[in-house]
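K.L.:
Mind having a look at this structure? Questions to follow.
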2 protein chains.
Amino acid sequence: MIAEILCIGTELLMGQVLNTNAQFLSRRLSALGISQYHQTVVGDNAQRLEAAYRFALSRSDVVITSGGLGPTVDDITKRVAAKVAGKELVLFPEAEAMIRARFAQYHKDMPVNNMSQAMFTPDSTLLLNAHGTAPGAIVPMGEGKAVIHLPGPPIELEPMFINQVEPWLRERSGQVLVSRYIRIFGMGESEVDQRLSDLENGGNPTLSPYCSLGEVMLRATAGAATREEAEALLPPLLEEVQRRLGSVIYAIEEDDSGSLAKSAVEAMKARGWTVATAESLTGGLISATLVDVPGASSVVRGGFVTYQTDTKTVLLGVPAETIEEHNVVSAEVAVGMAKGARERLGVDIAVSATGLAGPDGGTPERPVGTVYLGISTAQGTYPIRLQLTGSRARIRTLAVKHAVNALRLEALGETGGQTC
Amino acid sequence: MIAEILCIGTELLMGQVLNTNAQFLSRRLSALGISQYHQTVVGDNAQRLEAAYRFALSRSDVVITSGGLGPTVDDITKRVAAKVAGKELVLFPEAEAMIRARFAQYHKDMPVNNMSQAMFTPDSTLLLNAHGTAPGAIVPMGEGKAVIHLPGPPIELEPMFINQVEPWLRERSGQVLVSRYIRIFGMGESEVDQRLSDLENGGNPTLSPYCSLGEVMLRATAGAATREEAEALLPPLLEEVQRRLGSVIYAIEEDDSGSLAKSAVEAMKARGWTVATAESLTGGLISATLVDVPGASSVVRGGFVTYQTDTKTVLLGVPAETIEEHNVVSAEVAVGMAKGARERLGVDIAVSATGLAGPDGGTPERPVGTVYLGISTAQGTYPIRLQLTGSRARIRTLAVKHAVNALRLEALGETGGQTC
């Protein structure tokens, strides 16, 4: 089965909206093992949209549209597809009821314009919208091909696709695919590749790497006639990957919604720990990243942002002489900050960060990107030196990830070899 | 002139990469007044790419490609365009020198493969790459049409487009366009629209609204034969917009790189102020947002993250009875937090935030999204109540924007009517 994504909306051509729908749909289709060779964006223009439909249907089996399902005259997505199919739009009472219920929920009457949102070609399969007024539909286009209409807002499109379209696609593609996402921090893409190259051989399960800032994600996907058979193919591969990579793997999960912060919070929660932060160059981002994890409130106690130099003394008790003697960006100051935060908030573990995010202020001894973290527990306090590169934002983000990972490793009792 | 964007790379079809280049290029083209009717993504496949080139050139004057300029056999962008133009690729010594210089900068020798990056059709105009090894090019395709090759990484594509392609496009389009970006926080899109609808009439200058979370941006664009003439058209419109909207405008700038935090830091710096933060639901994000502004270090002194309830007493001296009597999410606690932060760090102004980010924990009296900010100066301390809606992340982000804006307004001496 070949699928193709067709995003509709002048706001995309004007650059007012970032096309996250195309990425979302591509990832999901690719995880389903469905090939895609083209993505297209067209504006709210009937003639160009009709040409785009005809062209896409000539080369793909399924054309997935996003956008243009609203109640205004600019919303031409369904009308033009119906023209291409040679059919009329008719009212679907079930869709009308859904739209009226949505308005009732907002304590409003349905404007008469919105009736157009309940109209589809007669042989369409309705897709209900749990988050907005625009239903979607799977519209047969002849010769076994179909157009699938999805609403434009990601909050409406994403659950509709996952819950209603994916089962339909799975049934048609005749194969069940099951995936696991292996999340890695602390090992570069090339080293991961080198250690696993013989496993990335396109067999079943497949193993594919994806990179993001400082992280590598591996997707392991197995295909079989049933879910049970597909599931049974995964464990040997996952165990082998774990054996080769060890503790740089921070999560193996059924979706890619995990994060380093989630793993760190869970590891600390499992030990009944509370945590505090003491931040200079990261300015509160380590703390904000931890707090972002749902359920973090039993673990994250609080923290300090000690941005100007003397606040490290005022708030955390780092002696002014230590700062003067060793520099504010130093192992000694990071240690003093972490210790001060731990003692002042009475927590089990504290993390600190001091460093140079640049672009100015670097010296040969302390170039931009020099960062010291401190980790303090009742057992002692130690520094971690990082030498990061890139923009101010990149250095900050990487410093946050290293700090969060250091908390995770400490909570797991795996602190060896962290200094880098 | 009609332009069209053609992004090349299997990683886009797989959803591994979010296509920010398409948005960047669309926005810039649209700001230049150049029409676009289609955007396409194709993978690294010569046959499909050739079809995409031919189709795009049949309907557009300029086809802008991104990606596929690397040294590997998968990088087919230039080769296929040359085939469509019926020409051979030849070595450009200036491009080779640039690539060798880039490698020398990294203290490496240029691998022989990279020579392919220096090859273009003979009549091409070279685009030097200040941030990577892949030069781009403007490639004549006959009949006055052209393909413009840009590298895939945004950090290379964006400056190459702005500095080398835009002047070329401007010259060809025969009109100089000059824009100002009017940034607004604290007034919804519909009210902005209502107050300005008679100015958004498609005349010259044009006025176009763009929305993002909690903010509205207006772009005013004037076109004329020379820059001076275009510039002269803007002031009357900008003054009228300012007269109608007042202090919800936080910046009017020549590009859209400004931010609420930048305006707030600048306003505080202009008064010689220092600032401290005291954060609960935002967990350090207000502080991190302020610190993100280059040059913030003379203004941002430091802050407190008081996430668990009793840390508001331990770190900021908010009496436990105040918390018990009024609830931790209350005006009284926000006031106590801001006052405590200001006194403990000896700053001119402090901002605090306490609230319910959800999804759980709401009550009829304090539904999810209830947030209290506190603003404390030597003149006194006052609370601001916000009732926000949406996801946990949305509530946090909006709370941060309101807090930063409250600092800005206080520094400007405009504190009336903030409570909302």
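K.L.:
For region B:168-219, which positions are part of a strand (DSSP E or B) and surrounded by fewer than 14 Cβ atoms within 10 Å (Cβ to Cβ)?
P.N.:
B:Ser212
K.L.:
Are any residues in region A:370-382 surrounded by fewer than 21 Cβ atoms within 10 Å (Cβ to Cβ) and either within 30 Å of B:His131 (Cα to Cα) or touching a Gly at 6+ places or on another chain (Cβ under 9 Å) (or both), and if so, which ones?
P.N.:
Answer for region A:370-382, where residues must be surrounded by fewer than 21 Cβ atoms within 10 Å (Cβ to Cβ) and either within 30 Å of B:His131 (Cα to Cα) or touching a Gly at 6+ places or on another chain (Cβ under 9 Å) (or both): A:Thr381, A:Tyr382.
K.L.:
Looking at (1) touching a residue at least 40 places away in the same chain (Cβ under 8 Å); (2) within 19 Å of B:Glu332 (Cβ to Cβ), which one does B:Leu386 not meet, given that it meets all the others?
P.N.:
(1)
K.L.:
State all residues of region A:251-264 that are modelled with pLDDT of 95 or more, closer than 30 Å to A:Val329 by Cα and out of contact with any Leu (no Cβ under 6 Å at 6 or more places or on another chain); if no residue qualifies, say none.
P.N.:
Residues satisfying the conditions are A:Leu260, A:Lys262, A:Ser263.
K.L.:
While we're looking at this one, here's another question. Given (1) out of contact with any strand residue (DSSP E or B) (no Cβ under 6 Å at 6 or more places or on another chain); (2) among the aliphatic types (A, V, I, L, M); (3) crowded, with 22+ Cβ neighbours inside 10 Å, identify the lone condition not met by B:Leu398.
P.N.:
(3)
K.L.:
So A:Ala56 clears everything in (1) assigned to a helix (DSSP H, G or I); (2) in contact with a helix residue (DSSP H, G or I) (Cβ under 9 Å, 6 or more places away or on another chain); (3) at pLDDT 95 or above except one condition, right? Which one?
P.N.:
Going through the list (1) assigned to a helix (DSSP H, G or I); (2) in contact with a helix residue (DSSP H, G or I) (Cβ under 9 Å, 6 or more places away or on another chain); (3) at pLDDT 95 or above, A:Ala56 breaks only (2).
K.L.:
Separate question: Mind checking which residues of region B:312-349 are at the interface with chain A (Cβ under 10 Å from one of its Cβ atoms) and either surrounded by fewer than 21 Cβ atoms within 10 Å (Cβ to Cβ) or under 30 Å from the mean Cα position of the chain (by Cα) (or both)?
P.N.:
Passing the criteria: B:Val314, B:Arg344, B:Gly346.
Residue by residue, here is whether (1) among the aromatic types (Phe, Trp, Tyr); (2) part of a helix (DSSP H, G or I); (3) at the interface with chain B (Cβ under 7 Å from one of its Cβ atoms); (4) in contact (Cβ under 8 Å) with a residue 24 or more places away in the chain holds:
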position	(1), (2), (3), (4)
A:Ile5	no, no, no, yes
A:Gln16	no, no, yes, no
A:Ser26	no, yes, yes, no
A:Leu29	no, yes, no, yes
A:Gly33	no, no, no, yes
A:His38	no, no, yes, yes
A:Val41	no, no, yes, yes
A:Arg48	no, yes, yes, no
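K.L.:
Can I ask one more? Among the residues of region A:292-311, write down those that are within 7 Å of another protein chain (Cβ to nearest Cβ) and part of a helix (DSSP H, G or I).
P.N.:
A:Ser297, A:Thr311, listed by residue number.
K.L.:
Right, something else. With the checklist (1) outside any helix (DSSP H, G or I); (2) of a type outside the set (A, V, I, L, M); (3) surrounded by fewer than 18 Cβ atoms within 10 Å (Cβ to Cβ); (4) touching a helix residue (DSSP H, G or I) at 6+ places or on another chain (Cβ under 7 Å) in hand, flag the one item B:His107 doesn't pass.
P.N.:
(4)
K.L.:
Quick one: in region B:350-364, of everything that is touching a residue at least 24 places away in the same chain (Cβ under 8 Å) and within 11 Å of another protein chain (Cβ to nearest Cβ), which residue is farthest from B:Tyr307 (Cα to Cα)?
P.N.:
Here the answer is B:Pro359.
K.L.:
Of (1) within 10 Å of another protein chain (Cβ to nearest Cβ); (2) over 30 Å from the mean Cα position of the chain (by Cα); (3) not aliphatic (A, V, I, L, M), A:Phe92 satisfies all except one. Which?
P.N.:
In the conditions (1) within 10 Å of another protein chain (Cβ to nearest Cβ); (2) over 30 Å from the mean Cα position of the chain (by Cα); (3) not aliphatic (A, V, I, L, M), A:Phe92 misses (1) alone.
K.L.:
With the requirement that a residue be more than 28 Å from A:Gln47 (Cα to Cα) and surrounded by fewer than 19 Cβ atoms within 10 Å (Cβ to Cβ), what does region A:82-104 give you?
P.N.:
Answer for region A:82-104, where residues must be more than 28 Å from A:Gln47 (Cα to Cα) and surrounded by fewer than 19 Cβ atoms within 10 Å (Cβ to Cβ): A:Pro93, A:Glu94, A:Glu96, A:Ala97, A:Arg100, A:Ala101, A:Phe103, A:Ala104.
K.L.:
When region A:271-291 is examined, which residues are found to be more than 8 Å from every other protein chain (Cβ to nearest Cβ), small (Gly, Ala, Ser) and within 26 Å of A:Gly358 (Cβ to Cβ)?
P.N.:
Within region A:271-291, A:Ala278, A:Ser280 meet the criteria.
K.L.:
Also, quick follow-up: Inside region B:282-308, can you point out the residues that are without any contact (Cβ under 8 Å) to a residue 60 or more places away in the chain and among the aliphatic types (A, V, I, L, M)?
P.N.:
B:Ala288, B:Val291, B:Val293, B:Ala296, B:Val299, B:Val300, B:Val305
K.L.:
Scan region A:220-246 for residues that are surrounded by 17 or more Cβ atoms within 10 Å (Cβ to Cβ) and in a helix (DSSP H, G or I) and report the count.
P.N.:
Total meeting the criteria: 7.
K.L.:
All but one of (1) closer than 23 Å to A:Ala3 by Cβ; (2) surrounded by 17 or more Cβ atoms within 10 Å (Cβ to Cβ) hold for B:Ala46; which doesn't?
P.N.:
Against the list (1) closer than 23 Å to A:Ala3 by Cβ; (2) surrounded by 17 or more Cβ atoms within 10 Å (Cβ to Cβ), B:Ala46 comes up short only on (2).
K.L.:
Let me ask something else. Which one of these does A:Ala261 not meet: (1) assigned to a strand (DSSP E or B); (2) within 14 Å of chain B (Cβ to nearest Cβ)?
P.N.:
Tallying (1) assigned to a strand (DSSP E or B); (2) within 14 Å of chain B (Cβ to nearest Cβ), A:Ala261 fails exactly one: (1).
K.L.:
Continuing with this model, one more query. Considering region A:342-359 alone, what residues qualify as being closer than 22 Å to A:Lys269 by Cβ and of a type in the set (Ser, Thr, Tyr)?
P.N.:
Selection gives A:Ser352 alone.
K.L.:
Testing A:Ser376 on (1) within 30 Å of the chain's Cα centre (by Cα); (2) closer than 26 Å to A:Ser298 by Cα; (3) more than 14 Å from chain B (Cβ to nearest Cβ); (4) of a type in the set (Ser, Thr, Tyr), one condition comes back false. Which one is that?
P.N.:
Unmet for A:Ser376, out of (1) within 30 Å of the chain's Cα centre (by Cα); (2) closer than 26 Å to A:Ser298 by Cα; (3) more than 14 Å from chain B (Cβ to nearest Cβ); (4) of a type in the set (Ser, Thr, Tyr): (1).
K.L.:
In region B:13-22, what residues are closer than 23 Å to B:Glu166 by Cβ and either touching a Pro at 6+ places or on another chain (Cβ under 7 Å) or surrounded by fewer than 22 Cβ atoms within 10 Å (Cβ to Cβ) (or both)?
P.N.:
Scanning region B:13-22 gives B:Thr20, B:Asn21.
K.L.:
Here is a follow-up. Output yes when any residue across region A:287-297 is of a type in the set (Ser, Thr, Tyr), under 20 Å from A:Ala406 (Cβ atoms) and buried (at least 20 other Cβ atoms within 10 Å of the Cβ), and no when none is.
P.N.:
Looking through region A:287-297, at least one residue is of a type in the set (Ser, Thr, Tyr), under 20 Å from A:Ala406 (Cβ atoms) and buried (at least 20 other Cβ atoms within 10 Å of the Cβ).
K.L.:
Would you say B:Ala403 is within 14 Å of chain A (Cβ to nearest Cβ), within 16 Å of B:Val333 (Cα to Cα), of a type in the set (A, V, I, L, M, F, W, C) and out of contact with any Gly (no Cβ under 9 Å at 6 or more places or on another chain)?
P.N.:
Yes: the conditions hold for B:Ala403.
K.L.:
Here is a further query. Taking B:Leu409, is it farther than 25 Å from B:Gln308 by Cβ and within 28 Å of the chain's Cα centre (by Cα)?
P.N.:
yes
K.L.:
Is it fair to say A:Thr65 is away from chain B (no Cβ under 14 Å) and buried (at least 18 other Cβ atoms within 10 Å of the Cβ)?
P.N.:
Criteria met by A:Thr65.
K.L.:
Here is a follow-up. Consider region A:355-372. How many of its residues are of a type in the set (Gly, Ala, Ser) and outside any loop (DSSP other than H, G, I, E, B)?
P.N.:
Number satisfying all stated conditions: 1.
The values are calculated or read from the model by the stated rules, or taken from the named source; none is laboratory data. Everything quoted here is computed from the prediction, not taken from an experiment. Every residue, glycine among them, receives a Cβ derived from its backbone with ideal geometry; neighbour counts consider all protein chains shown.
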